[in-house]
Amino acid sequence: MIKLAQILALSSLRASSSQSFIKRLLGRGLRLNLRLSITLFVGSSLATYGATASSPPQQSLYQLLVALPLLLMFLSVVYTIMFEMNRSVNTPSVDAVNWLPITPAEYVVASSLSSAYSVLPLLSIILGAALGIALAAGAAHLWVIAALLSMLALAAGSFIVEIILSITSRAARRIYKQKGRLALPLATLFNTAVIFIFVVMFNFQVLINSLKWVMDIVGLAWFIPPVWLSLAMEKYLEADLAGGLLFTLLGALFVFSGFLISTALRTRYWAVYEAEIRITDSSYTPKPSIFAKLGFTPGESAIIRKELKSFLRRREMAAFIAVPAAVAIIPFLTASRASLALYLQPTVGLLLFALLLSATSIGREGEAFLNLLIAPLRPGEIIRAKAATTIIVASPAMALILAATLPVIVSSWNSALALVVAGYTALVETVMIGTYFSSRFPDFTTAPRARFIRPLGMFLTMITAATALAATATPLYIYAALKPEWLPIQAATLLTTAIGAGISIAAYRGAKKTITRLFQS
Amino acid sequence: MTNAIILENVSKRFDEVWAVRGLSLTIRGGSIFGLLGPNGSGKSTTMRMMLGLVKPDSGRVSVHGIDPAQNPVGVKRIIGYVPETPRLYEYLTAAEYLDFIREAYGVAPSVWRSRVAEFLEAFGLSGREGELLAGYSRGMKQKIALMAAFLHRPRVLILDEPLSGLDPKSARLVKEMLHKLALDGTTTIISTHVLEIAEAICDRIAILYEGEKIAEGSPEELKLLSESPSSTLEDVFLKLTGSEDIRELVEALVR
């Protein structure tokens, strides 16, 4: 069991979508993970101790200790679900549990241990930080209780994930077979929502607000099992030993129930594998493409149609939608007052979405990129089609955002026109920059996990796009900030458009060149 | 029949390794030509040079008069290619993938529909074209890859292990189709490790070893290279590639 947990944990670390230096380091071995976690634990506790020793925040500490079990349970669930969601469809090794001599109970325990192991560094930081504050407040004994309850909560979270995975796997296979066309986009949207929640939760302000909310509901939600361990901690803090023991026992029963149910479901449904997914029952009827009528070549039209069809069918798209959505929405959750910058956030989120989509456009082909190499397609056609797809997807969203925010932030038609023109110029520019780096740094690996663009490429994409957009927006910014007589708004708008167009054309030409080299390599 | 494909003293190097060295081939139009050789012998590189995916370092390649390095798009229009492992768009249905191929090759919808229906019926995939390719088995994906290569009526077919994963009926279908297409003037280049297949369907075979051609001829001509009159193509192949000592290896492995 321990050995299986080790294998699953290593697999999880190495299959992570963000192959940062830390993740690659941890993937080398589990002892390194342990040592790093211990170091992080000690480091974070020293840091928070040092920061709070002079004036320990007693109230905040109690809120944190109460919230810890529920928080860690939630973290365990979301993190593991996110990993499972992003698991590549090209990893057949997950089926090994079907034919190895492993009992369902052994697998469930091993899988849960491996989930805990994968989040160990993050847990170490959180628990270490809490310990530091507890030591400063002379409440280390309370921390010990919270840590023990948190370990139980972690186990509960792992078992909850196993239950969710078994049920959704079973349900998914049935739904995909019967209603694949609807089920796939819904699955992507579900994944998007999970990632969105994860990203939002890790915003510091949102986290603090959440902790306060948890404190408020813990007592009221005593009948909800996941809350029992936090409620136990609250009772201990109130010196209600009997109540604390009662809820600890209930929490332990909850964990044990989770284990039994997840084992039973695993026995019944076994491991996840891809089911046949039926999109349509009607017979195949090829039709002329609308994009061909809009002036695209047959090759470009073929690629655009392919991209649009698969847009919401891919699990990986969830992150590209969720992260920009979080960028757009978090300020609204945490802002104390309205401002111009606040209403520009949705546009920023949309541009980030367009950038992510275009920067991964070539790499998303994966091994199937061969189809583009062997078909009679010119490199320029591929670049135009990829860029056009992103623009087609993002344009309606840009129109909606502008329609919603312009009435709030501008007071004249000239200003409105300027922002509309600037918005679409920025969109095209962002897409072309992303497409260039996508062709320059594609990553076609699909197993154990798809990445689409090399980390250096993503970094350069972000830096270049930010710099280019700043340059493009400069004339309008000068007009808005200084309102100089020598720069009327119409001239500022024209200048912005010219700069944006120039950058877009340069990026397009660069992309054509680099993809031609890719064809020849 | 004129010569469809000509390779004149073609060489290709990757870093320090010669993938192909001084290879010359003349492939008659309307024939089925086999490329045999152990792993790393240069078969795939040779095919990729015909397709224009790889530029030779020296020598000349001509496919129906087109230089693939100079006009890769032009040569791809007349070639249907099936790689060793099908690389399909897993998030498309079979019908959507074939429609993508149709549009990429510029085939009119009216022409395509009946062809696809016939192929789906023949390969036993009728009624399953609305399912995502991600749920297809290995053999089913191979059938779709073959369909994608055949449907746009190419003048040249380049097939890497085309029968891999196919059920016996489909394998027989493909073999018969290749013979029929050859009679209609389609030139086919096949790479396979299954020598019985090569023997059964190829008009001529070239054996590659470490990037060089070590033998070429019809299956009967190649068999004459062996000392024994009852030798199979497999015996000839193993002799030429220095892989005869199988018995000792087997003894060692099962000890």
>> Can you sort B:Met177, A:Met432, B:Met147 from fewest to most other Cβ atoms within 10 Å of each residue's own Cβ?
In response: B:Met177, B:Met147, A:Met432
> Of B:Lys76/B:Lys141; A:Lys309/B:Lys43; A:Lys513/B:Lys55; B:Lys169/B:Lys239, which ones are farther than 28 Å apart at the Cα?
Replying inline: A:Lys309/B:Lys43; B:Lys169/B:Lys239
> In nm, to one decimal, how far is the modelled label at A:Ala498 from the one at B:Glu221, with both set 7 Å along Cα→Cβ?
Replying inline: 7.0
>> Using 0.36 nm times the number of residues separating A:Leu182 and A:Leu241, minus their current alpha carbon distance, what extension gain do you get?
In response: 16.1 nm
> What's the exposure ranking of A:Ser158, A:Ser504, going from fewest to most Cβ atoms within 10 Å?
Replying inline: A:Ser504, A:Ser158
> Computed FRET efficiency, Cβ-Cβ of B:Asp57 and A:Phe444, R0 25 Å: what is it to the nearest 0.05?
Replying inline: 0.50
> At what distance in nm do the modelled label points of A:Thr516 and A:Leu417 sit from each other, each positioned 7 Å from its Cα along Cα→Cβ?
Replying inline: 3.9
> Efficiency by 1/(1 + (r/R0)^6): what FRET value for B:Asn71 and B:Ser24, r their Cβ-Cβ distance, R0 = 25 Å, to the nearest 0.05?
Replying inline: 0.70
> Given 0.36 nm per residue, what is the gain on full extension from B:Ser110 to B:Ala122 after removing their alpha carbon distance, in nm?
Replying inline: 2.4 nm
> For the modelled label position 7 Å from the Cα of A:Ala105 along Cα-to-Cβ, which residues of region A:126-165 have backbone nitrogen atoms closer than 17 Å?
Replying inline: A:159
> Listing A:Lys287, B:Lys239 from the residue with the fewest other Cβ atoms within 10 Å to the one with the most, what is the order?
Replying inline: A:Lys287, B:Lys239
> For chain B, what is the charge dipole size about the Cα centre, in debye to the nearest 20, if Lys and Arg each add +1 at the Cβ and Asp and Glu each add -1 at the Cβ?
Replying inline: 840
> Using helices alone, what [θ] at 222 nm do you get for chain B, with -39,500 (n - 2.57) per DSSP H run of 4 or more residues, divided over all residues and rounded to the nearest 500?
Replying inline: -11000 deg cm²/dmol
> What is the calculated FRET efficiency for A:Ser54 to A:Thr474, with r their C-beta to C-beta distance and R₀ = 56 Å, to the nearest 0.05?
Replying inline: 0.75
> Under 19 Å from a point 7 Å along the Cα-to-Cβ line of B:Asp167: which residues of region B:51-94 have their amide N that close?
Replying inline: B:94
> Amide H to amide H, which residues 5 or more places from B:Val20 or on other chains are under 5 Å from it, using H placed in the peptide plane?
Replying inline: B:Lys12
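We did not get these values from a lab; they are worked out from the coordinates using the rules stated. Since we're looking at a predicted model, the values are computed, not measured. Don't worry about glycine lacking a Cβ; one is built from the backbone with ideal geometry, like all the others, and counts go over all protein chains shown.
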